[in-house]
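The structure under discussion is supplied below as structure tokens; questions concerning it will follow.
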């Protein structure tokens, strides 16, 4: 009896809000068609030994079991997490610093903002090549500076030929490229903080640090959460830079989840397996993101 | 007091310049290489200032077969996508932020979760879908895909912004008899200007730079976009770096223009003053 | 009366339309390739070869589309999955078994002219088109790797002429190397493309002839010794760091007198000539080991996709590309033809650099013709990397590779 009443209530609610559904009809339809539907298809692919021609065999959870036993995938997880931990805080700290500095009314603001944004604006492909070129082991600028100018190192170093240093370079590239993005969003967020609050606090004698921690950060909360979540999601999806600079090598030492997924799907034609890896990664990121949003989001009060 | 101010500003500039140098050195290097003939590209020791600078690479890049066409294709796709994305994501964000209705959470989280899925994985189902809709080899197909896939990210961003705008203005408008569409158009959008400018910049960026989908959905050489064209400068056995870098710099220019145009909206004022009244 | 005239006109009209229709149908075929659009090969294709074909076959229009090389495999795969495929593809020879095995390619041995052409082309390249009992394409161009040696550096180091045996080779590598400045040898990476010539020249191989097992072959004594030979040279510092992912390009190093020797192919002439017009190029056959001087075959085949709706027209195009006329045009742009007749011709014999390639091609072998080759390639590459980096001994590394390859062979049974 109660169930019937709840159902009726639901339908009434839907009917009452029909203008809302109408309003969002077109965008949601686009999203469902071009994003959600292909995703669902590939989700189902993960349960098959998917063949591009001919019929595929249903294999249940076999792809997932293989994923847990795949040593190269485990290396990929490790590298991806390291990359995330290395790049996310770096980007946020530098970006926040830059945003605050550039929020002041100083001359040349636009000049600085544009230059900081340049790395973001260039394609991953080109930037990866630039870095490869910069860190070249025989003719690269960095080696030249380190050895011949600063005399810090004794010989030229082959940065990309060693798992650890290669990962370092890849992370460096990730931070360098991403700072401008977060900076722009932080700048927009800083605009939403009324100047009056700062003035009132200054009159009360607050120091710069207190202004920052007690006013700026709390009022930027939703922006901070947004950037944190987006950066983590983005860092897990690192692909092009690794693909171009090392292709996961040497010997899979710099393999990340997406490069291994790509190799499996498009070189080895194991699409079912690739989809399974993607599902696992999505679940992992989803859990982390939800945790962050729940933990860090609180309603803001003036 | 004045002395301290001056000192503080000086330190500010030093820090900023240091940061800018780091941000910009790779570009200067790229720019300098784009002015070099291939002989000098790998010379040891590497020279920052090219020995015999030439604009040959730029001439070759711009004049390369169909480069201008690819440039304009990318422009069409990017501009169309930005307009649609700004419109649709703000509509969605407004509704998700302000209204309680059945399915609010589910729909929003379904948007969110797709952000975490690497797009490469649903490339093939997407390709089959586009084919069935007869949108292969069409810029419209790209625009639809780009718009749809950017909705989650920007709806998420805008929802946060909308959620923080105090309700007084809307409540006042509702009392005055405004309906949802008017509130959206005349109140929410102007208030969210900095956020919308951000969306414009990044939406343009993603659409301008996107490569994989563009390569997959378009075979017709006349409909190709710029990122695909840049890849075409790289050969099977080797690459003329000077040429690639020159072409890349040409490709960056519209992006910088868009940034400069829209970044002035990161200005305090209207957004906040309207709320204090 | 009016009605009769009306219907008469309609009938005549319709009849004439069908008559026009039964004249030779207009057909358009798409041709996918990876030629760099700035290259001579591409310009020749677009401005000479295709117009010629269309002139001889007025009802066929050829639409060529360049696909970036790095993404070619992915693009082919997605197209097959989406069932929108090109008609003809210029495909790397090592991919043919893979695509044939999955049913993506149409067999061509049933066409009339096939057996005649098959006898006219080099057997090695032709074999790369075979899978199971059928042939799935025709070879278009071929190439192989030979030794490029820097005469200036040799003279400076006091070495006479290019090395012909492995001992001479090791000696040259040692004398040419100046630590930090010059290297005797440069190798691009640890892939089979670079190492199989050493394995084969050393008397080893990847698998047995029937491709049933790799044990005793890839990890057999001869293969191990061959890899060990290079690993030793690397450990002594004679090999540039391109092999582990660093260093400057082959042609840049060679032209700037930094690399003394490297394995090259016909495509280097255009590259080096274009950027370093003053560089002198000298070549020699691969240094002979226990198994002789055996290099690796590269090249491209022309294949027709099963999903093509114009297979007849597609085959005509393939035929045309393998004809003597076109092969000669291709030869002029630096692509080695596959026809026996041209190989014997005066043009080739008097050519600036082809003869040595044809000499090397006489003994060159193709990489394993098997649909699982991509994974075998990756396995071998990994094993050699492990050996070069010293993570495992050569024997251990190659044992691992043998197991991997055996597993792959099992999967395709």
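Report the residue count in the stretch A:104-118 for those that are within 8 Å of chain B (Cβ to nearest Cβ), within 20 Å of residue A:193 (Cα to Cα) and part of a helix (DSSP H, G or I).
1
So which residues in the stretch B:24-49 are at pLDDT 85 or above and within 8 Å of chain C (Cβ to nearest Cβ), if there are any at all?
none
Being in a loop (DSSP other than H, G, I, E, B) and more than 10 Å from chain C (Cβ to nearest Cβ) is the filter; apply it to the stretch A:236-247 and report the residue that is farthest from residue A:282 (Cα to Cα).
For the stretch A:236-247, the residue satisfying everything is A:239.
Looking at the stretch A:184-200, is at least one residue away from chain B (no Cβ under 13 Å), more than 23 Å from residue A:291 (Cα to Cα) and free of Cβ contacts under 8 Å to residues at least 40 places away in the same chain?
The answer is no, given that none of the residues of the stretch A:184-200 is away from chain B (no Cβ under 13 Å), more than 23 Å from residue A:291 (Cα to Cα) and free of Cβ contacts under 8 Å to residues at least 40 places away in the same chain.
Quick check: is even one residue across the stretch A:204-224 touching a residue at least 40 places away in the same chain (Cβ under 8 Å) and within 30 Å of residue C:382 (Cβ to Cβ)?
Our first condition is that a residue be touching a residue at least 40 places away in the same chain (Cβ under 8 Å); within the stretch A:204-224, this holds for A:212, A:216, A:218-219, A:221-222, A:224.
Imposing the further condition that a residue be within 30 Å of residue C:382 (Cβ to Cβ) reduces the set to none.
No: zero hits.
Further, regarding this structure: Being more than 9 Å from chain B (Cβ to nearest Cβ), touching a helix residue (DSSP H, G or I) at 6+ places or on another chain (Cβ under 6 Å), crowded, with 22+ Cβ neighbours inside 10 Å and assigned to a helix (DSSP H, G or I) narrows it down to one of A:261, A:231, so name that one.
Just one listed residue meets the conditions, A:231.
Let me ask something else. Provide a single number: the residues in the stretch C:92-136 that are outside any helix (DSSP H, G or I) and either out of contact with any helix residue (DSSP H, G or I) (no Cβ under 8 Å at 6 or more places or on another chain) or on the phi < 0 side of the Ramachandran plot (or both).
Selection size over the stretch C:92-136: 23.
If I filter the stretch A:79-90 for residues that are under 28 Å from residue B:90 (Cα atoms) and either surrounded by 12 or more Cβ atoms within 10 Å (Cβ to Cβ) or modelled with pLDDT under 90 (or both), do I get at least one hit?
Yes, the stretch A:79-90 has at least one match.
So that you can scan it fast, the table gives a plain yes or no per residue for (1) buried (at least 19 other Cβ atoms within 10 Å of the Cβ); (2) in the same structural domain as residue C:250 (by TED's automatic domain parsing):
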position	(1), (2)
C:74	yes, no
C:117	yes, no
C:130	no, no
C:140	yes, no
C:156	no, yes
C:159	yes, yes
C:170	yes, yes
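Another question about this same structure. In this structure, is residue C:97 touching a residue at least 12 places away in the same chain (Cβ under 8 Å) and crowded, with 23+ Cβ neighbours inside 10 Å? Talk me through it step by step, then tell me what you get.
Numbers: touching a residue at least 12 places away in the same chain (Cβ under 8 Å): yes; crowded, with 23+ Cβ neighbours inside 10 Å: yes.
The answer is yes for residue C:97.
Could you check how many residues of the stretch A:132-161 are within 18 Å of residue C:183 (Cβ to Cβ) and in a loop (DSSP other than H, G, I, E, B)?
9
Still on this model: Tell me, which helices (runs of 4 or more DSSP H) lie completely within the stretch B:119-201 with 3 or more residues that are crowded, with 20+ Cβ neighbours inside 10 Å and within 11 Å of chain A (Cβ to nearest Cβ)?
Helices (runs of 4 or more DSSP H) meeting the threshold: B:123-132, B:139-164.
Taking residue A:218 as meeting all but one of (1) at the interface with chain B (Cβ under 9 Å from one of its Cβ atoms); (2) farther than 21 Å from residue A:85 by Cα, write down the number of the exception.
The single condition residue A:218 does not satisfy is (1).
The values are calculated or read from the model by the stated rules, or taken from the named source; none is laboratory data. On a predicted model such as this, the values are computed, not experimentally measured, just so you know. Cβ coordinates were reconstructed from backbone atoms using ideal geometry, including for glycine residues, and neighbour counts include every protein chain displayed.
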